[in-house]
Amino acid sequence: MDLTAKIKDVLNVETIKLELIKTAFGKPDVYFSKIDARLLIFWYLVISLLPWFTFNNTILITIIIYATFLAFISRVSPLILTLLFIGILTELFTIFIVSAFFAGGSLEAILPLLTLSMKIFIMSIASVSVFASMSPEKLSDGLLSLGLPAQFSFAVSYAFRMLPILLDEYHQIFQSYRLRGKTPEKHGFLKWRIVYYYIKVIVQSFYPLMLNVAKRTRLTVEALEVRGFSYSLHNPEAKKQKLTYLKFRKQDYLFIITQTIIILLILWFGATFPS
C-alpha cells in the first residue's frame with residue numbers, strides 16, 4: 001500500500017504540471033544552463049550522432065554512463081528519468097520476448113537489437129539533459145543564431161511555454177465532464193464499463209481543448225503583431241540586438257576542452273577494450 005501511495009503521489013496531474021512548468025521556465029542554476037546555447041546544441045548533435053558510427057559496445061556503454069552522469073548533475077526531473085527508464089525496460093522486455101518466439105532465444109539475434117537500444121537511449125538521455133536545462137528563450141535564440149527560420153525558433157519556445165497551460169486546461173475540462181457525467185452503476189466484467197466510460201471522457205475532452213487552443217493561438221498572434229513581431233523577424237538590426245548576449249565565455253571554452261578530452265578518452269577506451 002505504501003508503494004502504491006508513493007506511485008500515486010508521483011504520477012498525478014499536479015506533479016506532471018509542476019515538472020512541465022520547471023522545464024518551461026528553465027533551471028538557471030544547473031551546469032548546462034551556464035553554457036552557450038549554440039555550443040550545447042552542437043554537443044547534443046555530437047553525442048547523439050557519434051553512436052551511429054560505431055558498433056563497439058564498450059564505447060556505447062561508456063557514453064551511456066557519461067550521459068547519465070550529466071543528466072543527474074543537470075538535475076533532470078525524476079519523473080522524466082523514471083518514464084525514460086520504464087520505456088527502456090519495456091523495450092528490452094519486448095526484445096527478449098520477440099527473440100524467444102522468433103529466434104529461439106538466440107544471443108546472436110538479441111545483441112544487434114540491444115546495440116540499437118543503447119544508441120536510442122543515448123539520444124534520449126542526451127536530449128533530456130540538454131533541453132531540460134535550457135530555458136525556451138535561450139534554446140530559441142540558439143536555433144535562431146544557427147540560421148534556422150525565426151518562425152521555427154519561436155514555435156519551439158512557444159510550445160515549451162504552452163505545454164503546462166494546455167495540460168492544466170485539459171485537466172479542468174476532464175474534471176468538468178466527470179462532474180456533469182455519471183459513471184456506470186454496473187461495472188461489468190473486469191470493470192470494462194468503467195474503463196470505456198473514462199476512455200470516452202478522455203476523447204471528448206480533446207474537442208473543447210482544440211477550440212480553446214485555436215482561441216489562444218489567435219490572441220497570441222494578434223498580440224505579437226501589435227508589438228511588431230513580423231517586422232522584427234525580417235529586420236537584421238532587431239535580430240542582431242536580440243542575439244547580442246550570445247557570446248563565448250571562459251566556461252564555454254573550458255566546456256569545449258573538457259568534452260573533447262572526454263570523447264577522445266571514450267574512443268581510446270573502446271579501441272583498447274573492444275567488445
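The values are calculated or read from the model by the stated rules, or taken from the named source; none is laboratory data. As the structure is a prediction and not an experimental result, all values here were calculated from the model. Cβ coordinates were reconstructed from backbone atoms using ideal geometry, including for glycine residues, and neighbour counts include every protein chain displayed. Accessible surface is based on the protein model in full, side chains and every heavy atom, while ligands, DNA and RNA are left aside. Shrake-Rupley method; radii C 1.70, N 1.55, O 1.52, S 1.80 Å.
About the Cα centre, and with charges only on the beta carbon of Lys, Arg (+1) and Asp, Glu (-1), how big is the dipole of the chain? Nearest 20 debye, please.
Working: 28 positive and 17 negative charges, 153 e Å.
Computed about the Cα centre, the dipole is about 740 debye.
Once fully extended, how much extra length lies between Glu108 and Leu211, figured as 0.36 nm per residue of separation less the alpha-carbon to alpha-carbon distance? Please report the intermediate quantities before stating the final value.
Numbers: separation 103, 0.36 × 103 = 37.08 nm, distance 5.18 nm.
The Glu108-Leu211 span can extend by a further 31.9 nm.
Highest first, please rank the peptides 74-87, 122-135, 54-67 by the mean number of other Cβ atoms sitting within 10 Å of their residues.
Values: 74-87: 15.6, 122-135: 21.5, 54-67: 18.1.
Ranked from most to least packed, the peptides come out as 122-135, 54-67, 74-87.
Grab the beta carbon distance between Phe152 and Ala271, set R0 = 51 Å, and tell me the FRET efficiency rounded to 0.05. Walk me through the numbers on the way to the answer.
Numbers: r = 39 Å, r/R0 = 0.76.
That gives a FRET efficiency of 0.85.
With equal scatterers on the alpha carbons only and no solvent term, can you work out the Debye log10 of I(q)/I(0) for the chain at 0.07, 0.11 1/Å?
Each listed q maps to, in turn, -0.38, -0.89.
Rounded to the nearest whole Å², what accessible area per residue is found for the chain with the 1.4 Å probe?
Heavy-atom accessible area per residue stands at 64 Å².
Hey, if we sort Asp29, Asp252 by accessible area with the 1.4 Å probe, largest down, what's the order?
On the way: Asp29 95, Asp252 0 Å².
Ranked list, largest accessible area first: Asp29, Asp252.
What FRET efficiency would be calculated for the residue pair Lys250, Ile65, taking the C-beta separation as r and a Förster radius of 22 Å, to the nearest 0.05? Spell out each step's value before the answer.
Details: r = 28 Å, r/R0 = 1.25.
Efficiency, rounded to the nearest 0.05: 0.20.
Would any residue of the stretch 110-131 have its amide N under 16 Å from a label point 7 Å out along Cα→Cβ of Val98? List them or say none.
110-121
What percent do you get for the relative contact order of the stretch 143-218 when only Cα pairs under 8 Å and 6+ apart count?
Numbers: 26 pairs, mean separation 23.3, N = 76.
This gives 31 percent for the stretch 143-218.
From the C-alpha coordinates alone, can you work out the Kirkwood hydrodynamic radius of the stretch 72-187, in Å? The partial results should precede the final answer.
Values: mean 1/r = 0.0546 Å⁻¹.
Radius from the Kirkwood sum: 18.3 Å.
On the accessible surface of the chain, probed at 1.4 Å, how many percent belong to carbon and sulfur atoms? The partial results should precede the final answer.
Details: 12600 of 17570 Å².
Looking at the chain in its full context, I get 72 percent from C and S.
Please tell me which of these pairs span more than 32 angstrom C-alpha to C-alpha: Lys119/Lys200; Lys34/Lys239; Lys119/Lys239?
On the way: Lys119/Lys200 38 Å; Lys34/Lys239 22 Å; Lys119/Lys239 37 Å.
Violating the 32 Å limit, Cα to Cα: Lys119/Lys200; Lys119/Lys239.
I want to check the label-to-label distance for Leu79 and Gln175. Put each point 7 Å from Cα in the C-beta direction and report it in nm to one decimal.
Between Leu79 and Gln175, the label points sit 1.5 nm apart.
Of the listed peptides 178-187, 145-154, what is their order by residue-averaged count of other C-beta atoms within 10 Å, with the highest listed first? Let's see the in-between values first.
Details: 178-187: 9.5, 145-154: 13.7.
Descending mean neighbour count gives 145-154, 178-187.
Give the relative contact order (percent, whole number) for the stretch 40-198; include only Cα pairs under 8 Å separated by 6+ residues.
Across the stretch 40-198, relative contact order equals 25 percent.
In percent, what relative contact order does the chain have, based on Cα pairs under 8 Å that are 6 or more apart in sequence? Please report the intermediate quantities before stating the final value.
Details: 206 pairs, mean separation 82.4, N = 275.
It rounds to 30 percent for the chain.
Answer rounded, prolate or oblate for the stretch 120-238, using the Cα gyration tensor with square roots of eigenvalues a ≥ b ≥ c: rounded when a/c is under 1.5, else prolate when a/b is larger than b/c, else oblate.
It comes out oblate by the Cα gyration axes.
Want the number for Leu224 to Ile86: 0.36 nm per residue separation, take away the alpha-carbon distance, what's left?
Details: separation 138, 0.36 × 138 = 49.68 nm, distance 4.03 nm.
Extra length from Leu224 to Ile86 when fully extended: 45.6 nm.
Using a 1.4 Å probe and ignoring any ligands, DNA or RNA, find the accessible area of Tyr196 and quote it in Å² to the nearest 10.
In the full protein context, Tyr196 sits at about 140 Å².
Order Leu113, Leu144, most accessible first, counting only protein heavy atoms with a 1.4 angstrom probe. Kindly include the intermediate steps, with their values, before the conclusion.
Values: Leu113 70, Leu144 20 Å².
Output order, biggest surface exposure first: Leu113, Leu144.
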